[in-house]
1. In the stretch 143-181, what residues are assigned to a helix (DSSP H, G or I) and among the small types (Gly, Ala, Ser)?
2. Could you check the stretch 166-187 and list, in sequence order, the residues that are in contact (Cβ under 8 Å) with a residue 40 or more places away in the chain and either acidic (Asp, Glu) or under 15 Å from Phe116 (Cβ atoms) (or both)?
3. List pairs: first residue in the stretch 142-165 and farther than 14 Å from Ile26 by Cβ, second residue among the aliphatic types (A, V, I, L, M) and surrounded by fewer than 16 Cβ atoms within 10 Å (Cβ to Cβ) anywhere in the structure, Cβ distance under 8 angstrom, at least six positions apart or on different chains.
4. Scan the stretch 131-151 for residues that are among the β-branched types (Val, Ile, Thr) and within 16 Å of Leu15 (Cα to Cα) and jot them down.
5. Counting only residues that are more than 20 Å from the chain's Cα centre (by Cα) and among the small types (Gly, Ala, Ser), which one in the stretch 78-117 is farthest from Asp164 (Cα to Cα)?
6. When the stretch 1-38 is examined, which residues are found to be more than 21 Å from Ile88 (Cα to Cα) and either part of a strand (DSSP E or B) or of a type in the set (A, V, I, L, M, F, W, C) (or both)?
7. Which condition does Ile88 not pass, out of (1) outside any helix (DSSP H, G or I); (2) surrounded by 18 or more Cβ atoms within 10 Å (Cβ to Cβ), if it passes all the others?
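The values are calculated or read from the model by the stated rules, or taken from the named source; none is laboratory data. What you see is a predicted model; the values in this text were computed from it and never measured. In this analysis, Cβ positions are derived from the backbone assuming ideal geometry, glycine residues included, and neighbour counts consider all displayed protein chains.
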Amino acid sequence: MKVYTKTGDKGTTLLIGGTRVPKHDIKIDAYGTVDELNAYLGLLRDKIASAYQDELIQIQNRLFTLGSFLALDPDKAKLPNGKARLDIRPIAQEDIDFLEYRIDQMDQSLPPMTHFVLPGGHEQVSICHICRTVCRRAERKATLLNEVSPVSENLIKYLNRLSDYLFVLARKLSMDLKVEEIPWIPK
């Protein structure tokens with residue numbers, strides 16, 4: 001399989017199902033932002049303790065699934081024989097529950113928040129905050145896409161919880177690494 005196909009040289013690409021759209025289409029922007037998030041999560045996974053790596057791999061796998069459903073032409077979601085074009089489990093409540101469980105678990109060991117915290121203090125923490133902000137952007141793109149083409153409610157919820165997870169993970173990494181959280185004090 002060649003990496004280059006030359007079919008996108010005129011600024012278009014194919015959705016899953018074969019529909020050709022401009023590369024700036026909101027669907028492409030949405031799943032491209034999820035792909036960017038996944039790449040940053042890979043960088044984070046390369047930098048952090050092994051205790052978090054398995055769950056980050058699980059999240060990265062779910063993001064590939066999530067991106068696949070964003071890349072699917074909803075009008076061609078079914079094959080001519082009636083079967084689903086994507087033979088993968090969509091984002092489900094159990095995926096959201098996993099993130100909520102991990103948020104609650106990590107949060108139990110953290111001091112209560114009294115202020116927003118400034119991102120930074122250690123490379124791992126900073127990368128985690130970059131992941132969080134890219135995740136928020138992916139969520140905004142998915143909700144914008146939902147205004148013109150249906151997006152699964154669980155997909156949007158997953159992105160929302162994932163950004164919360166990444167915020168709490170950044171705080172947990174700060175604690176693990178004994179990095180002082182610097183509060184934002186409005187002046």
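1. If the condition is that a residue be assigned to a helix (DSSP H, G or I) and among the small types (Gly, Ala, Ser), then Ser163, Ala170, Ser174 are the ones that fit.
2. Once the filter is applied, which keeps residues that are in contact (Cβ under 8 Å) with a residue 40 or more places away in the chain and either acidic (Asp, Glu) or under 15 Å from Phe116 (Cβ atoms) (or both), the stretch 166-187 yields Val168, Ala170, Arg171, Ser174, Asp176, Glu180, Glu181, Ile182, Pro183, Trp184, Ile185.
3. Asn154/Ala92
4. Of everything in the stretch 131-151, those that are among the β-branched types (Val, Ile, Thr) and within 16 Å of Leu15 (Cα to Cα) turn out to be Val148, Val151.
5. That would be Gly82.
6. If the condition is that a residue be more than 21 Å from Ile88 (Cα to Cα) and either part of a strand (DSSP E or B) or of a type in the set (A, V, I, L, M, F, W, C) (or both), then Met1, Val3, Thr12, Thr13, Arg20, Val21, Pro22, Ile26 are the ones that fit.
7. Result: Ile88 passes all but (2).
One line per residue, one yes/no per condition, for (1) surrounded by 20 or more Cβ atoms within 10 Å (Cβ to Cβ); (2) at pLDDT below 95:
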site	(1), (2)
Cys128	yes, no
Thr133	no, no
Arg137	no, no
Arg140	no, no
Thr143	no, no
Ser149	no, yes
Lys157	no, no
Asp164	no, no
Leu169	yes, no
